[in-house]
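Contents: one structure, followed by commentary.
The values are calculated or read from the model by the stated rules, or taken from the named source; none is laboratory data. All values reported here derive from a predicted model rather than from experimental measurement. Cβ sites come from the backbone with ideal geometry, for glycine too, and all protein chains shown count toward neighbours.
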């Protein structure tokens, strides 16, 4: 029974690799990311959420560059309301394209104990570093994040236009409640 359970877990983990649909062009990444400047707090303002992120309020990603050049990631949010329990998850990322720093592999535990590495791609970044968009090769997931808790409507419109150009379904994006 344990072997069957482990086999099922590995199969499911394999499905979560983030491979892009063969009919879609690869996501276009930003040219370069200043990794130290990118560290710090990012408010998640919109997403195509993972199951763990559904119902999140006040979502926050925090990045910290370690001495070994890996990135410590802490994600937290209030579940199912502003007064909901604060859920905190920790991950580690490694940069796959040093120098550009725009393609990461984030390691997380599937079912709490099976490590899987998922691609996170920096596909949009404000010139002043005020917002960023993290994409996923299959376009199943997406995170729109900013240094502040709000973005002006014209900035949202520009982000959506660039996402549509990369074959993202912007109608499915969920605005994360923040206050």
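Points to keep in mind about this one:
- Conditions (1) in contact (Cβ under 8 Å) with a residue 24 or more places away in the chain; (2) assigned to a strand (DSSP E or B): number failed by residue 37: (2)
- Matching residues in the stretch 144-179 - criterion: being exposed (fewer than 12 other Cβ atoms within 10 Å of the Cβ) and under 10 Å from residue 46 (Cα atoms): 175
- Picking from residues in the stretch 53-64 that are over 12 Å from the mean Cα position of the chain (by Cα) and under 23 Å from residue 179 (Cβ atoms), the one that is surrounded by the most Cβ atoms within 10 Å (Cβ to Cβ) is 56.
- Selection count where residues are surrounded by fewer than 15 Cβ atoms within 10 Å (Cβ to Cβ) and in a loop (DSSP other than H, G, I, E, B), scope the stretch 65-104: 13
- Residue in the stretch 96-112 that is in contact with a helix residue (DSSP H, G or I) (Cβ under 6 Å, 6 or more places away or on another chain) and at pLDDT 95 or above present: yes
- Taken together, the criteria exclude residue 129 from residues that are outside any strand (DSSP E or B) and more than 26 Å from residue 166 (Cα to Cα).
- Given (1) surrounded by 14 or more Cβ atoms within 10 Å (Cβ to Cβ); (2) touching a residue at least 60 places away in the same chain (Cβ under 8 Å); (3) closer than 23 Å to residue 28 by Cβ, index of the condition residue 110 fails: (3)
- Residue in the stretch 119-139 that is surrounded by fewer than 16 Cβ atoms within 10 Å (Cβ to Cβ), at pLDDT below 95 and touching a strand residue (DSSP E or B) at 6+ places or on another chain (Cβ under 8 Å) present: no
- Of the residues making up the stretch 19-36, at least one is under 17 Å from the mean Cα position of the chain (by Cα) and either within 17 Å of residue 177 (Cβ to Cβ) or modelled with pLDDT under 95 (or both).
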